[in-house]
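S.K.: Got a structure for you, questions after.
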Amino acid sequence: MTNLLLATTENAHNQSTQYTSLSNPEIASVVAHINEEHLDELLGFLSAFTSLSTAKLDLIDAQMTDIYAEGIAIQTRPKISEDQPTDIQDNSLYEQTFFIAFAAPISQLDDLQAQYILLKQRADKKLGKKTIKLTKQVFDVQNSYRVSKNMLRLELNIPPLSGAKNTPRSTSVPTNEAGYAYLFDLEHNAMTDSTNDNKTGDYKANSSAVDDGEKNNVRPARSHCYYTLRKAWHNDDEIRAWVDVFLHGDTPGGNWAAALQTGESVVTKREFPEKVEHLQDGQAVLIVDETSMPTAARLLELWSNPKPPLVICVTQDAEDQRYFDTVKMCSDLNCDTENNGNNHFTILPIVTNQTNSGAELATLIDSKLGDYLTDNPLQIDKVWGALEANTAKALRPLLKDRLELSRTDVVVKVYWRHD
């Protein structure tokens, strides 16, 4: 059965409509990526734009099956429960395909991102959830220094508007969120460096060897890069912020961060909240590498769950394990009084001495967790992690099998890709 539900209406059922296929060989990989990494968004679309109840959404599996010029197709089917015979499962949850329309048709795959973001924004707004923002922010660099061997902290601020005391240029920087991500415009600094003689400005390690004529043509290998807001707070009439950047080899983002000088501006083009709401109760385990340690650090500082989490921390270098040495649980003034003083969380370190990616690392993490639970019989209820793409893909089923948890309780995000 096919239910054709437009994002702008609630009832276009049982209609036979021909949709325009997009002839692009990359569509299959995009569909696979969305199914692997963005299942929560597909369920959000179904919740916002179909008549499926929350109770029924908890009983179904969903996957995107195709992308058309006019929208996306999402197929649902009943979850198969091992302890419930198929013949007595809910017969109302038969296999269905729902069509969710874009606000405007797309003509090529390059247009998909804009329409998908718009669809997500509309769904999140309808569901009362925080969502992605296509907002430009301008920060000024105040300082930069290492907080562990390979982690560079950028101290940023948003000063007040000229002549407007106590009114920063922006007041939308979140001060009580963990994992809030900004898409930094790396090209902004490449374009501005050639006009500032006192700044290194290029994306190479030996910037002093590049003359002014070469600098005019310098462009980063990537035009933008996501980094997590480590922490933000109001200080008198300005907003202050930390952004921690893992420096690993010759990378566009690392070179950009290392070249920034005090007084420079940095520009962000997009903002994205992290999915951590499920960690509010139950025994949690956090699984991080260098790219997601800033998210975990802020999570710990804002922790309101009475049970402290177990943290599995994977680093290439043992010295970077010291990143958590100064992190205290519930250190902010808005913490519940019953949790004050409970600054104990357990770190399980994994030091690899190599790039942290791939299925072998997933097996190592699962084994490390299994060994710990053998000696410390905890009942793990929730998981949040963020790792390299192949590691995350391999780790999710291992954790679900070991911990016997649902997909909504095991959130393992992709923060970077090895390629």
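The values are calculated or read from the model by the stated rules, or taken from the named source; none is laboratory data. These figures come from a predicted structure and were not determined experimentally. Backbone-built Cβ (ideal geometry, glycine too); neighbour counts: all protein chains shown.
S.K.: Can you pull out the residues in the stretch 341-390 that are β-branched (V, I, T) and without any contact (Cβ under 8 Å) to a residue 24 or more places away in the chain?
M.R.: T374
S.K.: Looking at this structure, is S144 in a strand (DSSP E or B) and of a type outside the set (K, R)?
M.R.: Here the answer is yes, as S144 does meet what is asked.
S.K.: Only strands (runs of 3 or more DSSP E) wholly contained in the stretch 304-419 count here; list those with 2 or more residues that are at pLDDT 90 or above, crowded, with 20+ Cβ neighbours inside 10 Å and in contact with a strand residue (DSSP E or B) (Cβ under 6 Å, 6 or more places away or on another chain).
M.R.: The qualifying strands (runs of 3 or more DSSP E) are 310-315, 382-388, 410-416.
S.K.: Given the residues T295, T291, T268, which is the only one that is farther than 24 Å from Q321 by Cα, at pLDDT 95 or above, buried (at least 18 other Cβ atoms within 10 Å of the Cβ) and under 19 Å from the mean Cα position of the chain (by Cα)?
M.R.: Result: T268 is the single residue among T295, T291, T268 that is farther than 24 Å from Q321 by Cα, at pLDDT 95 or above, buried (at least 18 other Cβ atoms within 10 Å of the Cβ) and under 19 Å from the mean Cα position of the chain (by Cα).
S.K.: Go through the stretch 271-288 residue by residue and tally those that are within 15 Å of the chain's Cα centre (by Cα) and over 18 Å from T346 (Cβ atoms).
M.R.: Counting residues in the stretch 271-288 that are within 15 Å of the chain's Cα centre (by Cα) and over 18 Å from T346 (Cβ atoms) gives 8.
S.K.: With a cut-off of at least 3 residues that are modelled with pLDDT of 90 or more, name the helices (runs of 4 or more DSSP H) lying wholly within the stretch 12-123.
M.R.: Result: 27-37, 39-49.
S.K.: For the stretch 220-256, give me each residue that is surrounded by fewer than 16 Cβ atoms within 10 Å (Cβ to Cβ) and under 22 Å from D317 (Cα atoms).
M.R.: Across the stretch 220-256, the qualifying residues are G249, D250.
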